Amino acid sequence: RRLYAYGPLQEACVLRDPGYRPLIPLGRWDSFLFPDGPKFMEYNTDGTAGWHYTTALTALWREWAGLPPQTSPLTGRLLDTILYCFRQWDRRGIERPRIAIVDWAEVGTRGDQDGIAAAFTAAGYPTTVEDPRALRLEAGRLVGSAGPIDAVYRRLVSEEAFHRAEEIRPFLDAHLEGAACSVGSFRTDPAWSKTLFVLLSDPAFSYLWPDTLKPHIEASIPWTREVRPGLTSFKGEEGDMGDLLLSRRGEFILKPTRGYEGRGVILGSLTADAEWREAVMGALERGDTLVQEMLRPAPVPLEQGQSGYLQAGEYVLLGRLAGFLVRTSATPLIAPEYPERYCPVGVEVPWSAEDTARRWSKT
């Protein structure tokens, strides 16, 4: 709890049981690919985007290539996951729940959300995209623009939700009261925070993980530490955290622990000395930043003789790999100031809600 430092309202929302299992029904890892496998850089469990984008782009590519449509598009798998969670939560026997995708009206990913809503509605589950500021709590029900809401697919990023809590208090109260089934509930917050990577990487927390898991963590998670005054070890050498970051800046990347969309990420090799020093000193003082080893994936050839970096986003639904979001970028960094391009996905990953349901019923 010291690492996460939640306020009282957020902690109460995190501790509220969503009424289904698994507690993290959907999310997306972001990784770079290396010869020995993927190295994971981010884990998105709230506001997870791109479901419609990759589904639509892949459908266009398959049509262009003369291939049949996907048998199980990613947006359909997302709907199956939401319904799987809802069936566990529901006590009223609702056959076709009304779904709300909840996020600020002005977000840049509104097109992705509109596409998902259209796909869900076409499948027979009426879905609207709702701004949390406009939602109401009436007689124990969450109510939106089209009436009572049965299930919420939350795209609203937690950090913004609790920073602007007074603007959306009925929505937060509805979560605390269980007024609707919240998929992507606030219970996932400890996982999407980059603090998760500290817990996975720092030997101080190795007692949390079984010995059988530790080799896999070491193979797939980069060296990650809190930025705080004191000693640390890196590649077998022990030294002062500040001195290490300043003397070897080309080997590190700084990330806000509660950052999202690549905001505030600073790569040492792409930053001037003075700017890097200021960032390190500020991080040491504030205690809200982590540092990761900067891994360097091999560039891949792109169009017109250019090269770039391949980012693989691994969608996980009900604990199993369900699809990919693939992007290319000019730099080995996922951040708004460095443009990236979406790519179609040529492989359809085997996945079904029925198989995962059997898995979770056993556990």
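Which residues, counting only those in the range 123-163, are within 24 Å of THR54 (Cα to Cα), basic (Lys, Arg) and not in a strand (DSSP E or B)?
ARG155
Give just the number: which of (1) of a type outside the set (Phe, Trp, Tyr); (2) within 20 Å of TYR20 (Cβ to Cβ); (3) part of a strand (DSSP E or B); (4) touching a Lys or Arg at 6+ places or on another chain (Cβ under 8 Å) does HIS175 not satisfy?
(3)
When only residues in the range 56-89 that are open to solvent by less than 20 Å² (accessible area, probe 1.4 Å) and in contact with a Pro (Cβ under 7 Å, 6 or more places away or on another chain) count, which is farthest from ALA180 (Cα to Cα)?
Among residues in the range 56-89 that are open to solvent by less than 20 Å² (accessible area, probe 1.4 Å) and in contact with a Pro (Cβ under 7 Å, 6 or more places away or on another chain), the one farthest from ALA180 (Cα to Cα) is THR58.
Just checking, which of GLY47, GLY7, GLY27, GLY19 is over 14 Å from the mean Cα position of the chain (by Cα) and within 17 Å of SER193 (Cα to Cα)? Break it down stepwise before answering.
Values: GLY47 fails: over 14 Å from the mean Cα position of the chain (by Cα); GLY27 fails: over 14 Å from the mean Cα position of the chain (by Cα); GLY19 fails: within 17 Å of SER193 (Cα to Cα).
Result of the check over GLY47, GLY7, GLY27, GLY19: GLY7.
Contact list please: Cβ distance under 7 Å, first residue in the range 126-143 and polar (S, T, N, Q), second residue open to solvent by 50 Å² or more (accessible area, probe 1.4 Å), pairs at least six apart or on different chains.
From residues that are polar (S, T, N, Q), the pairs are THR127/THR121; THR128/SER145; THR128/ALA146.
Does VAL265 fit the bill of being touching a helix residue (DSSP H, G or I) at 6+ places or on another chain (Cβ under 6 Å) and either open to solvent by less than 70 Å² (accessible area, probe 1.4 Å) or among the hydroxyl-bearing types (Ser, Thr, Tyr) (or both)?
Against the criterion (touching a helix residue (DSSP H, G or I) at 6+ places or on another chain (Cβ under 6 Å) and either open to solvent by less than 70 Å² (accessible area, probe 1.4 Å) or among the hydroxyl-bearing types (Ser, Thr, Tyr) (or both)), VAL265 does not qualify.
Can you give me the number of residues within the range 295-337 that are of a type outside the set (Gly, Ala, Ser), without any contact (Cβ under 8 Å) to a residue 60 or more places away in the chain and within 27 Å of THR188 (Cβ to Cβ)?
Counting residues in the range 295-337 that are of a type outside the set (Gly, Ala, Ser), without any contact (Cβ under 8 Å) to a residue 60 or more places away in the chain and within 27 Å of THR188 (Cβ to Cβ) gives 3.
Based on what the data block shows, is PRO38 in contact with a Ser or Thr (Cβ under 7 Å, 6 or more places away or on another chain), open to solvent by 40 Å² or more (accessible area, probe 1.4 Å) and more than 21 Å from THR188 (Cα to Cα)? Before you say what the answer is, go through the steps one by one.
Numbers: in contact with a Ser or Thr (Cβ under 7 Å, 6 or more places away or on another chain): yes; open to solvent by 40 Å² or more (accessible area, probe 1.4 Å): yes; more than 21 Å from THR188 (Cα to Cα): yes.
When the stated conditions are applied, PRO38 passes them.
Answer yes or no: is there a residue in the range 339-346 that is under 30 Å from ARG21 (Cβ atoms), in a strand (DSSP E or B) and not hydroxyl-bearing (Ser, Thr, Tyr). So that I can check it myself, show each step before the final result.
Step one: list which residues in the range 339-346 are under 30 Å from ARG21 (Cβ atoms), which gives 345.
Next cut, in a strand (DSSP E or B) only: none.
No, that holds for no residue.
Pairs under 8 Å by beta carbon, first residue part of a loop (DSSP other than H, G, I, E, B) in the range 100-122, partner aliphatic (A, V, I, L, M) and open to solvent by less than 10 Å² (accessible area, probe 1.4 Å), six or more apart or different chains?
ASP103/LEU156; TRP104/LEU156
Hey, among the residues in the range 308-331 that are assigned to a loop (DSSP other than H, G, I, E, B) and either open to solvent by less than 20 Å² (accessible area, probe 1.4 Å) or modelled with pLDDT of 90 or more (or both), which one's farthest from GLY250 (Cα to Cα)?
Taking the range 308-331 first, the residues assigned to a loop (DSSP other than H, G, I, E, B) are 318-319, 330-331.
Then keep just the ones that are either open to solvent by less than 20 Å² (accessible area, probe 1.4 Å) or modelled with pLDDT of 90 or more (or both); that gives 318-319.
Values: LEU318: 38, GLY319: 36 Å.
Once the filter is applied, the top-ranked residue is LEU318.
Tell me, please, whether a residue that is among the aromatic types (Phe, Trp, Tyr) and either farther than 30 Å from ARG91 by Cβ or part of a loop (DSSP other than H, G, I, E, B) (or both) can be found in the range 187-201. Spell out the reasoning first.
Going residue by residue through the range 187-201, those that are among the aromatic types (Phe, Trp, Tyr) are 192, 197.
From what's left, either farther than 30 Å from ARG91 by Cβ or part of a loop (DSSP other than H, G, I, E, B) (or both): 197.
Looking through the range 187-201, at least one residue is among the aromatic types (Phe, Trp, Tyr) and either farther than 30 Å from ARG91 by Cβ or part of a loop (DSSP other than H, G, I, E, B) (or both).
Looking only at residues in the range 220-262 that are among the polar types (S, T, N, Q) and not in a loop (DSSP other than H, G, I, E, B), which one is least open to solvent (accessible area, probe 1.4 Å)? Even if it seems obvious, please write down each step before you answer.
Initial filter on the range 220-262 (among the polar types (S, T, N, Q)): 220, 224, 232-233, 247, 257.
Within this subset, residues satisfying the condition of being not in a loop (DSSP other than H, G, I, E, B) are 220, 224, 232-233, 247.
Values: SER220: 23, THR224: 0, THR232: 17, SER233: 53, SER247: 88 Å².
For the range 220-262, the residue satisfying everything is THR224.
Within the range 153-170, work out how many residues are in contact (Cβ under 8 Å) with a residue 24 or more places away in the chain, out of contact with any Gly (no Cβ under 6 Å at 6 or more places or on another chain) and either more than 16 Å from SER193 (Cβ to Cβ) or open to solvent by 20 Å² or more (accessible area, probe 1.4 Å) (or both).
Counting residues in the range 153-170 that are in contact (Cβ under 8 Å) with a residue 24 or more places away in the chain, out of contact with any Gly (no Cβ under 6 Å at 6 or more places or on another chain) and either more than 16 Å from SER193 (Cβ to Cβ) or open to solvent by 20 Å² or more (accessible area, probe 1.4 Å) (or both) gives 8.
Name the residue, out of ARG92, ARG16, that is open to solvent by 40 Å² or more (accessible area, probe 1.4 Å) and touching a His at 6+ places or on another chain (Cβ under 9 Å).
Details: ARG92 fails: touching a His at 6+ places or on another chain (Cβ under 9 Å).
Matching residue, one of ARG92, ARG16: ARG16.
So, in the range 268-294, of the ones that are among the polar types (S, T, N, Q) and touching a residue at least 24 places away in the same chain (Cβ under 8 Å), which residue ends up most open to solvent (accessible area, probe 1.4 Å)?
Going through the range 268-294, the residues among the polar types (S, T, N, Q) turn out to be 269, 271, 289, 292.
Now narrow it down to the ones that are touching a residue at least 24 places away in the same chain (Cβ under 8 Å): 269, 289, 292.
Working: SER269: 53, THR289: 12, GLN292: 4 Å².
Step by step, filter the range 268-294, then rank; the result is SER269.
The values are calculated or read from the model by the stated rules, or taken from the named source; none is laboratory data. This one's a predicted model, so the numbers in the text were calculated from it and none came from an experiment. Every residue, glycine as well, gets a Cβ built from its backbone with ideal geometry; the counts of neighbours run over all protein chains shown. The area values use the complete protein model at the heavy-atom level, side chains included, leaving out ligands, DNA and RNA. Shrake-Rupley method; radii C 1.70, N 1.55, O 1.52, S 1.80 Å.
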